[in-house]
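A short worksheet on the structure shown next.
None of the figures in this text is laboratory data; all of them are computed from the coordinates on show. It should be emphasised that the depicted structure is a prediction, and the values quoted were computed from it without experimental measurement. All Cβ positions, glycine included, derive from the backbone under ideal geometry; neighbour counts span all protein chains shown.
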Amino acid sequence: MFRGALLLALPLAWCLFAASAQAEQLQPKMLGDTRLESQAGSSSLTWKAEHESGPEPTYELQRATDPDFENPKTLYRGPDQGRFVSGMLDGSYYYRVRARQGEAAWSTWSEPQELVVTHWSRTRALGLMAVGALVFLAIVFVVLNGTRKVEPS
């Protein structure tokens, strides 16, 4: 009886070990610096998991406002290896990704990547807008003045 149970348990243990090894082999990595900075409230995130065979991995991307991911939000689940995130207010955001092939177990989470958003100050933004308005008015003046001086043919 013990021998029969052992014969049944060995294939099951092998399947569990193989699925676990495959999940660890797929360990994805966030590409780029571990700390990104943005003044526009947006950034492009990319990741990759090395795999030799089988179906393309499915990825899950999460964002949190704390490095411990206590209340993460899943932003994406699918085969893409990158995502553009935007519309964020000032502050720090943390991203992590995990992967799996087919119906195998999910890998462990990648090391987190921090995105620090610090928007332009209002003074600087208004100053740049004023400079742009002056350049626009100067161009309009040159064009109108130049067309007045051209003789009709």
Problem set entry | Sequence-distant lysines (8 or more away, or on other chains) whose Cα lies within less than 18 Å of LYS48 | LYS29
For this session: Mind sorting SER43, SER107 by how few other Cβ atoms lie within 10 Å of their own Cβ, fewest first?
Result: SER43, SER107
For this session: For SER92 paired with SER53, estimate the spin-label separation in nm (one decimal), with each label point 7 Å from Cα along the Cα-to-Cβ line.
Result: 4.4 nm
For this session: Would you mind getting me the FRET efficiency between GLU70 and MET129? Use the beta-carbon distance for r and R0 = 35 Å, nearest 0.05.
Result: 0.35
Problem set entry | Candidate aspartates and glutamates - alpha carbon under 16 Å from LYS73, same-chain residues fewer than 8 apart omitted | GLU60, GLU114
Exercise. Which distance in nm do the two modelled labels at ALA138 and ASP80 give, with both placed 7 Å along the Cα-to-Cβ direction?
Worked result: 4.0 nm
Seminar exercise, completed: To the nearest 0.05, the calculated FRET efficiency linking ALA105 and ALA40 through their beta-carbon distance, R0 being 41 Å, is 0.65
